[in-house]
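Before any comments, here is the structure.
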Amino acid sequence: MKRFIFSIFLVLTTINVAVAATGDIEAGKGKVALCAGCHGANGISASEMYPNLAGQHADYIVKQLKAFKNGTDRNNPLMSPMAAGLSEQDMADIGAYYNSLPHTPADASSAEGDSSIAAVPVVKYVPDAVAGKSLYELGDINRAIGACIGCHGKDGNSEVLIYPNLANQHPEYIVKQLHNFKEQKNRSNAAMYNFAGQMTDEEILDIAAYLADTKALANVKPKKVVVAVITEEVIAGEKKAGTCVACHGIAGNAVIPMYPKLAGQNAEYIVKQLAEFKNGKRNNAIMAGMAAALSEQDMIELAAYFAAQKPLPGNGKGSDLGSKIYFGGKVNHVNQAITACVACHGATGKGMAKAGFPNLANQSVEYITSQLKQFKSGERANDRASMMRNISMKLSENDIDELAQFIATLK
Ligand code: HEC
Ligand code: HEC
Ligand code: HEC
Ligand code: HEC
């Protein structure tokens, strides 16, 4: 786990927002007297309209203070004057100080002020924290809502420094911010505009209820992790995979890079592709012929077999620009913004099996390039809600080349 976090960190340092100054915790402590009135003496605020800052990532705090100061990216009448007087050094010190404070409700209970989590406002709708957790962890592929967990981390504790922690935040504050993103006011972030824009008011309340106390759901069964196990389906699939070897290689490890690797691909995704080659929704003459003869049961068994195979590494050279777009998306202009690939394909490219997001790890440069070009031109159009077409449309040929070089290094 440590190594995983470390490697993400390495990648991200190259794309991190430039934090010019290094923060000093002690100095920061001396600069927050004014802030305590609203954000609480220990960064845990007593009022539900003021966000908790304790334990928040320093980089995120600095970014928000700059946004309040410049007034265009984030607009709030209370915070703009507060940020106006802060220098870069002040912001860095304040970020470091708040980051150093404990942020779990248990730790904070000893803090001054009322640290209890305020109840969700009285509305007719009773929020469903379990539904919130499910949307948080899986997203919704039909509406192109990326899984929140991909950026904001398990239970709202994000491992990526430019994405805010959401754990233990006041539900009212979460609701207010999601409405800001949904209505595209007061804040500016393309990915959040897209996701919140698709959410219903009830779902916003569900997510807030879940984040208010993620521990309360400890006894909810965790989502099943798909592990490669040898089932009857896998054995049956192996027998049917003989004809696929010519192009997709032994055990789904294609040696000719223009053919996709199927080894380790998510089973749900494989089934969807085979069904769509067969019904013509995904257009490919070779695969249409291959899929024509397959029954639904054949598809399920073939998918189980290939999903259980171990992929060999991809052939990418790596790319700084590719990694930057993969983790950070691209923001030229709000309507031109590209959602970070990590939101749906995950930090290591594995996608999300249950949600239907494909695994990109270990795939070849040539195949990734060809698919991004096909989505860009609309030749491939079987992505739900046009989610890959909308993204690829805004990628330049160079972006595509660099992304492919990066993605094909993911394992
Ligand atoms: C008068 C009350 C008030 C004071 C004083 C105040 N804030 Fe805030 N702060 C707010 C409110 C309200 C918000 C939420 C704004 C919004 O809805 O976007 C906020 C938001 C923030 C955020 C963004 C948090 C997030 O999760 O996105 C940061 C960082 C922050 N304040 C830092 C500070 C600092 C540092 C000070 C002292 C220099 C300070 N605030 C003083 C009311 C206050
Ligand atoms: C691609 C990464 C990504 C995904 C996926 C994502 N977010 Fe965000 N989210 C962000 C970023 C970046 C910000 C900070 C934006 C800014 O700088 O104002 C943010 C901010 C937020 C905030 C405001 C936090 C604060 O302290 O003010 C909330 C609430 C939020 N996201 C909820 C969600 C929910 C719910 C989902 C899933 C439906 C989600 N996010 C999915 C990247 C993401
Ligand atoms: C003659 C070569 C050939 C054979 C044999 C073949 N395929 Fe394919 N397959 C391809 C090509 C080419 C593509 C990429 C199509 C495209 O560019 O959209 C592909 C794509 C796929 C995909 C989509 C992969 C992805 O990542 O989206 C699946 C799933 C698949 N094939 C399964 C099979 C199965 C199962 C068999 C055996 C029953 C098989 N193929 C036999 C050439 C072949
Ligand atoms: C909102 C979610 C989402 C985001 C963000 C996203 N993707 Fe995808 N991607 C998908 C889905 C869903 C599919 C599968 C479409 C289908 O069902 O055929 C896909 C398919 C792909 C494929 C084809 C995989 C294969 O095996 O054929 C590639 C390559 C790809 N994405 C690359 C990217 C890159 C690069 C980015 C960032 C620039 C990105 N994606 C961002 C959801 C997403």
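FYI, it's all coordinate maths here, none of it is from the lab. None of the values given here were measured: they were computed from a predicted structure. For neighbour counting, all protein chains shown are included, and Cβ atoms are generated from backbone atoms with ideal geometry for every residue, glycine included.
Bridging of LYS69 to lysines at a Cα separation below 24 Å is possible for LYS29, LYS31, LYS176, LYS182, LYS185, LYS330, once same-chain residues fewer than 8 apart are set aside.
Spin-label model, SER47 to LEU78: label points 7 Å out along the Cα-to-beta-carbon direction sit 0.4 nm apart. Distances between placed amide hydrogens fall under 5 Å for ILE145 paired with ASP140, all partners being 5 or more residues away or on another chain. Protection proxy ranking of 204-212, 41-49, by the mean of other Cβ atoms within 10 Å over each peptide's residues and highest first, is 204-212, 41-49. Taking a ≥ b ≥ c as the square roots of the eigenvalues of the Cα gyration tensor, the range 282-399 is classed as prolate, since a/c reaches at least 1.5 and a/b is larger than b/c.
Charged neighbours of GLY314, selected by a Cβ distance under 12 Å, balance to +2 (K, R count +1; D, E count -1). Site pair ALA292 and ILE25 shows an inter-label distance of 6.9 nm when each label is modelled 7 Å from Cα along Cα→Cβ. Take the Cα of TYR125, step 7 Å toward its Cβ, do the same at ASP201, and the gap between the two points is 0.7 nm.
Local charge for LEU302 was computed over the other residues whose Cβ lies under 14 Å away, with Lys and Arg +1 and Asp and Glu -1, and equals -3. Computed extension gain for ASN279 through CYS247, at 0.36 nm per residue and net of the alpha carbon distance, reaches 9.4 nm.
Tally Lys and Arg at +1 and Asp and Glu at -1 over the other residues with C-beta under 13 Å from the C-beta of ALA83: what net charge comes out? Net charge around ALA83: +2.
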